[in-house]
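Following: one structure in structure tokens, then a few remarks.
Derivation of every value follows stated rules applied to the coordinates shown; laboratory data play no part. Source: prediction; values computed, not measured. Cβ sites come from the backbone with ideal geometry, for glycine too, and all protein chains shown count toward neighbours.
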Amino acid sequence: MIKDSDLKDLLDRGVDEVIDRKHLESRLRKGDNLRVKLGIDPTSPDIHIGRAVQLRKLATFQKHGHKAVFIVGDFTGLIGDTSDKESERPMLSPEQIKINMKTYLDQAFKILDPKKTEVHHNSTWLTGLGFGDIGRMADLFGLHEFETREVISRRLKTGKRVSLREILYPLMQGYDSVAVKADVELGGTDQRFNLLAGRTIQPLYKQEPQDILMASLLEGTDGRKMSSSWGNVIKLTDEPSDMFGKVMSIKDSLIINYFKLATDVSLEEIGSLELQLQRGANPKDIKTRLAEEITSFHHSSKAAKKAKEEFEKVFSKRELPTEIPEWKIEGGSNIVDALVNSGLAKSKSEAKRLIEQGGVSVNEKPVKDWDAEIKKGDIIKFGSRKFLRIK
């Protein structure tokens, strides 16, 4: 029997919607052992803490004795889910998917207990799925249902292409639930249509429709939904100093939501922190606590403490970092070439753009000229957190 407080934490904290709540609550109270499914497509090499909201919820189910079923979407990742995309997502190559998912399980197991997690790759069943099954599943849905999705409707109204491939994606995610016999599926609110597809398809295969738990979405560092394609992410693979610094860069208005979705701090204490902010407490102090909590969870308390000290040294005391990466210059080099060749900037256009925005300095002096020469001993600051010493 689950305690009322644990039930509330499971079904309410960080949760936007539960379908069918009464049914799921009844099963949890009875002590049924549930198969709880979460799938993540490896469309990028790193899992971010926005995705970790769902992983953490899966880990909570796991803690209460339920079977965590984690699906790496190596097939659905090829096809591409456009639930939240304003334009058609290009298909990825099998080679790119293989590269992207290389460390996916290592990242997921930072949160899940690997010994109690059932892992699948959905290429196992989707690769051989025939037109007979696809046709029977497709017959359960009307085109108008797909068109009513907000993003799809907007694209159609503006004349943007919607491929038949995109229409088939919900069938694939729904069939995943059939393949693993899911009792519950977790996902974000942007996945609502795909999650409901599983409930619709399962009865076709003589299975009870799964219940659905939709987690609230975590905003990225720029305030939009956290998304790898937008680059506004805090990755599970970030070094402690980067993770701490990224959390400190979020908008003050996001602090409380981050506490609720990305930490284990009790809701009672979060309420107290929210009251402190409303009464005029310095947001930086509470955000520092947030950064420590998140960095500690994904690394260690020791690493978080060190990251905090380093952050205060660089951003509060305006001192140089304790450790600065070095790059050996070969002959003469201008600032743009140095940024690209050292790996600080992904491209010359990115380097030039940040220079124009005043985001690059050499020896603490802003650089305005793309052709500015650099020399041995110079210290380059790129953006707000990246440093490089020229040797």
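Values as computed for the structure displayed
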quantity	calculated
Net charge over other residues, Cβ less than 9 angstrom from the Cβ of R13 (K, R count +1; D, E count -1)	+1
Whichever lysines have a C-alpha closer than 23 Å to that of K391, once near sequence neighbours (fewer than 8 apart) are set aside	K328, K346, K348, K352, K365, K368, K375, K376, K381
Long-range amide H partners of D20 with built H, under 5 Å	I212
Gyration tensor (alpha-carbon) shape descriptor, region 326-390, a/c threshold 1.5	rounded
Order of S241, S342 under a 10 Å beta carbon neighbour criterion, fewest first	S342, S241
Long-range HN-HN contacts of G188 with modeled amide H, under 5 Å	A215
Listed values (1) 29, 23, 21; (2) 41, 27, 18; (3) 46, 22, 19, entry calculated as semi-axes √(5λ) of the Cα gyration tensor in Å	(2)
Packing-based exposure ordering (other Cβ within 10 Å, fewest first) of K102, K206, K305	K206, K102, K305
GNM flexibility winner over the chain from S227, S349, S249 (Cα, springs under 10 Å)	S349
Region 4-219: relative contact order in percent, alpha carbon pairs under 8 Å with at least 6 residues between	28
All aspartates and glutamates inside 13 Å of K63 as judged from Cα atoms, apart from same-chain residues fewer than 8 positions distant	D6, D9, D113
Residue among N33, N122, N341 with the largest mean-square fluctuation in a Gaussian network model of the chain, springs linking Cα atoms under 10 Å	N341
Estimated FRET transfer efficiency (D6, R389; beta-carbon r; R0 41 Å; 0.05)	0.20
Under 5 Å, built H, 5+ apart or other chain: amide partners of D41	G73
Within a Gaussian network of the chain (alpha carbon springs, distance under 10 Å), most fluctuating of S301, S272, S347	S347
Relative contact order (%) - criterion: Cα under 8 Å, at least six apart; region: the chain	14
Gain upon complete extension [L105, I167; 0.36 nm per residue less C-alpha separation]	19.5 nm
